[in-house]
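Participant: To start, I am sharing the structure in question, which I have written as structure tokens.
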Amino acid sequence: VSKVYRTGEVEIRAADDVTFSVQKGEFVVIVGPSGCGKSTTLRMIAGLEQPSAGSILLDGMVIDYLPPQKRDMAMIFQNYALYENMTAFDNIAFPLKVRGLKKAEIASKVTAAAEMLKISELLNRKPGALSGGEKQRVAMGRAIVREPKLFLMDEPLSNLDAKMRFALRKEIRQLQRRTGVTTIYVTHDQGEAMALADRVIVMNHGNIRQIGTPREIYNSPADPFVAAFFGSLPMNLWEEDHMICGIRPEDISLSKSFAHGWEKALLLTGYFNGVQWIGEVQCEAGRFTVCSDCEMEQQQTVYMRFTEDKIHRWQKG
Ligand code: ADP
Ligand code: MG
């Protein structure tokens, strides 16, 4: 599918020939920087946005002309989108009431979902009396009880603080494993993508740059953009013989004493991040980010060695 937005004279290619397939039961994460076309892609799948070109198939059937409510997909948004005047129970029960299920059946489904999401004690509260994390659990409950073919999640954790994001991330993964519902999840956070995905789709400027398992993407990035985007520390990139080369900080060994074949470098900065030391070194070849379990002092002379088979090389351009 492609999507072109026209605002006056300006044309924005929000999604440019985006092509991928998702297997039943799979957890796929679309990741990329802000504005790269993630939400546009997800909204086209949901039917909230019409593609400018291309087609979307579900179970082998073209669904281009189906309105969102007939697509059997449940979407979860960053802003929770709960009914403020309804209790958590009624919010979760809402899609079942619309379907005309019996009261007892609704109650049992809502109770089961609430238990799974650890919000059983909160069911009588209205959204105003819930924290961000609790609201998102209610929103997930409302999605689960529908038993949809697809979960679509657009940055569901972005409004939460770091600790809550981490906790809910784990639960979303467990929930998906338990329910087995095929999930397409959108985030700009590479760490979240790595933690959640069976497969990752990396986008930039409306294009897919790479599709692969988290391990494939981390170990064999298709281009310098993907290489630089993944990793909690930035990959070191440099040019050499008309190629772009890269090495991750953890693939550079450091030593305080000289050894044959190791390159001399000056440590410019160093700090402890709670797990290891992160430093910036200057050597003849340039500046590199490095990390080490040993303490690093500024202005110290160190020796470093690149793990040769961990150097990535890409054709320029
Ligand atoms: P992401 O979710 O990756 O941050 P979006 O899919 O929201 O990116 O947006 C992709 C591009 O399309 C951006 O440049 C954005 O400004 C533009 N865009 C999104 N929605 C609209 C719209 N309704 N009208 C015009 N431009 C839009
Ligand atoms: Mg978005």
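Participant: How many residues are buried (at least 23 other Cβ atoms within 10 Å of the Cβ) and of a type in the set (S, T, N, Q) if we restrict to segment 127-168?
Facilitator: Looking only at that region, the number is 1.
Participant: Looking at 63, 56, which one is among the β-branched types (Val, Ile, Thr), in contact (Cβ under 8 Å) with a residue 12 or more places away in the chain, touching a strand residue (DSSP E or B) at 6+ places or on another chain (Cβ under 9 Å) and within 16 Å of ligand 1 (Cβ to nearest atom)?
Facilitator: 56
Participant: Using beta carbons and a limit of 6 Å, which pairs, at least six apart or on different chains, have the first residue in segment 110-137 and outside any helix (DSSP H, G or I) and the second one buried (at least 16 other Cβ atoms within 10 Å of the Cβ) and among the hydroxyl-bearing types (Ser, Thr, Tyr)?
Facilitator: From residues that are outside any helix (DSSP H, G or I), the pairs are 124/87; 126/87.
Participant: Still on this model: Residues that are away from ligand 2 (no atom under 13 Å from the Cβ) and over 23 Å from residue 140 (Cβ atoms): find the strands (runs of 3 or more DSSP E) completely inside segment 1-93 holding 3 or more of those.
Facilitator: 3-7, 10-15
Participant: Something else: Looking at segment 72-94, which of its residues are buried (at least 19 other Cβ atoms within 10 Å of the Cβ), under 21 Å from residue 172 (Cβ atoms) and not small (Gly, Ala, Ser)?
Facilitator: Listed by number, the residues that qualify are 73, 75, 76, 80, 82, 91, 92.
Participant: Scan segment 166-193 residue by residue and report those that are part of a helix (DSSP H, G or I) and either within 16 Å of ligand 2 (Cβ to nearest atom) or closer than 18 Å to residue 70 by Cα (or both).
Facilitator: The answer is 190, 192, 193.
Participant: Right, something else. Is it true that some residue in segment 146-156 is modelled with pLDDT of 95 or more, more than 12 Å from the chain's Cα centre (by Cα) and either within 16 Å of ligand 2 (Cβ to nearest atom) or more than 27 Å from residue 68 (Cβ to Cβ) (or both)?
Facilitator: Yes, segment 146-156 contains at least one residue that is modelled with pLDDT of 95 or more, more than 12 Å from the chain's Cα centre (by Cα) and either within 16 Å of ligand 2 (Cβ to nearest atom) or more than 27 Å from residue 68 (Cβ to Cβ) (or both).
Participant: Check segment 99-106 and report whether any residue there is among the hydrophobic types (A, V, I, L, M, F, W, C) and touching a residue at least 40 places away in the same chain (Cβ under 8 Å). Walk me through how you get there before you give the answer.
Facilitator: Initial filter on segment 99-106 (among the hydrophobic types (A, V, I, L, M, F, W, C)): 101, 104, 106.
Right, trim to touching a residue at least 40 places away in the same chain (Cβ under 8 Å) and you get none.
No, segment 99-106 contains no residue that is among the hydrophobic types (A, V, I, L, M, F, W, C) and touching a residue at least 40 places away in the same chain (Cβ under 8 Å).
Participant: Which numbered condition trips up residue 154, out of (1) within 20 Å of residue 42 (Cβ to Cβ); (2) away from ligand 1 (no atom under 16 Å from the Cβ); (3) charged (D, E, K, R)?
Facilitator: (2)
Participant: Follow-up. Here's a check for you: in segment 2-35, which residue that is under 21 Å from the mean Cα position of the chain (by Cα) and of a type in the set (A, V, I, L, M) is farthest from residue 211 (Cα to Cα)?
Facilitator: The extreme case among them is 14.
Participant: Tell me which residues, restricted to segment 3-38, are among the polar types (S, T, N, Q) and in contact (Cβ under 8 Å) with a residue 60 or more places away in the chain. Spell out the reasoning first.
Facilitator: Our first condition is that a residue be among the polar types (S, T, N, Q); within segment 3-38, this holds for 7, 19, 21, 23, 34.
Matches in segment 3-38: 19, 23, 34.
Participant: Of the residues that sit in segment 95-117 and are surrounded by 12 or more Cβ atoms within 10 Å (Cβ to Cβ) and of a type in the set (Val, Ile, Thr), which one is farthest from the chain's Cα centre (by Cα)?
Facilitator: Ranking the qualifying residues of segment 95-117, first place goes to 106.
Participant: In this structure, is residue 27 at pLDDT below 95, surrounded by 15 or more Cβ atoms within 10 Å (Cβ to Cβ) and within 30 Å of residue 228 (Cα to Cα)?
Facilitator: For residue 27, the condition - at pLDDT below 95, surrounded by 15 or more Cβ atoms within 10 Å (Cβ to Cβ) and within 30 Å of residue 228 (Cα to Cα) - is not met.
The values are calculated or read from the model by the stated rules, or taken from the named source; none is laboratory data. Just so we're clear, the structure is a prediction, and the values are computed from it rather than from any experiment. Every residue, glycine among them, receives a Cβ derived from its backbone with ideal geometry; neighbour counts consider all protein chains shown.
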